[in-house]
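Below is one structure, written out as structure tokens; the observations come after it.
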Amino acid sequence: MRSAAGSVNNYKVAVKIIKLHLNRSIAQLTLVYPPGHNSLMPNLLVHLFLPHESNNQRAKLLHPSALSLVIGLFVLFQLGIGKLAQTYPQILGYAAQIAPSEIVRLTNAQRQAAGVGPVQLDSELSQAAAQKAADMFAHDYWAHVSPQGVQPWTYITNSGYQYRYAGENLARDFTGPDAVVQAWMDSSSHKENLLNSRYQDIGVAVVDGQLEGRETTLVVQFFGTKLSTTAKPAIPKLAVSEVKAAESSPRPTQPPQTSPFDVTKLVSIALLAIFVVVLIIDLIAVHKQKIVRWTSKSLAHLALMLILLIAAVLINRGVIL
């Protein structure tokens, strides 16, 4: 869990970096357009987005110092989003719209498409799934096996369901059931569970809460086939995938109006669009005006920013286990 002091220090460092780069940009612009110039705002836009003598014939936005400034602003923005989500969860938070019945329906649709018989919703398996989710929140872990060594199958047997076969799929940070089931289908191990012809029953729990200091929505999916009088329980195969954390805040009483994931994605796409447009303008200007530069290519700087933006978008996706 991130401490309050750590967050404050991150804010201070980011603000210092931003102030430093802003002061440098203003000083450079003032040399070309002194105070009192009657068209400072248009010239500021030219300085930022177009090749000009004030920016050494390269849009300021493509300079390494400007890229560093944008990165600093983006980091500060991410910190601010997390802080706002904690302070005003009714406005900015994680609003998952996942109905367990939809998970069951979509699961059976995938099984039908694969030529596998449907699974039937079982109340005992659903109870076991809810117990597993509650245990992950209570003991603050994200894993198939608890820190105390409790296996998933313990919750199944405790619910009264005596199984011959059983399987478990987990998901978190998704906002809709379609994305959850599709993520499982895109993973070979989870897909094997979802389409396993040996399973006859299913139980699903969708639970909101705080995990690892951050709010999230957990989806627990249990599969099972009841134990006959002559068979012995089989040890099921666990489905394992990459684990990532997601930022969140205390669960509001009303669904939040906006998701931080959506805000981050929107800002990332907007930044990407701006940089692409500026780069295209820069390349056209260089070609038409035959500008000779002794500095590195703008494309390299843009590539660095694109990698950061793509990473920022991908890290906020829902994850499975």
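A few points about this structure:
- A simple packing score, the average count of other Cβ atoms within 10 Å per residue, orders the peptides 136-146, 163-173, 201-211 as 163-173, 201-211, 136-146, with the highest score first.
- With θ taken as phi - 60° and the Karplus curve 6.51 cos²θ - 1.76 cosθ + 1.60 applied, the whole-hertz 3J(HN,Hα) list for the range 178-187 is 4, 5, 4, 5, 5, 4, 5, 5, 7, 9 Hz, x standing for glycine and proline.
- Estimated FRET transfer efficiency when R0 is 35 angstrom, pair residue 274-residue 212 (beta carbons, to 0.05): 0.55
- Probe 1.4 Å - accessible area at residue 217, Å² to nearest ten: 10 Å²
- Rg and Dmax, both from the Cα atoms of the range 182-232 and both in Å, are 14.7, 46.
- As a rough guide to protection, the peptides 100-110, 269-279 ranked by mean Cβ packing within 10 Å, highest first, stand as 100-110, 269-279.
- Taking the convex hull of Cα positions in the range 119-198, its mean projected area over all directions (nm²): 5.8 nm²
- Distance cut-off 15 Å, percentage of C-alpha pairs in the range 151-213 lying past it: 60 percent
- Remark: the range 45-178 carries 43 Å² of accessible area per residue (probe radius 1.4 Å; ligands, DNA and RNA excluded).
- Here the calculated FRET efficiency for residue 192 and residue 145, from their Cβ-Cβ distance with R0 = 25 Å, stands at 0.85, rounded to the nearest 0.05.
The values are calculated or read from the model by the stated rules, or taken from the named source; none is laboratory data. Given the structure is predicted, the values throughout are model-derived calculations rather than measurements. Positions of Cβ are generated from backbone atoms using ideal geometry, with glycine treated the same way; all protein chains shown enter the neighbour counts. Just the protein is used for accessible areas: all its heavy atoms, side chains included, with ligands, DNA and RNA removed. Shrake-Rupley method; radii C 1.70, N 1.55, O 1.52, S 1.80 Å.
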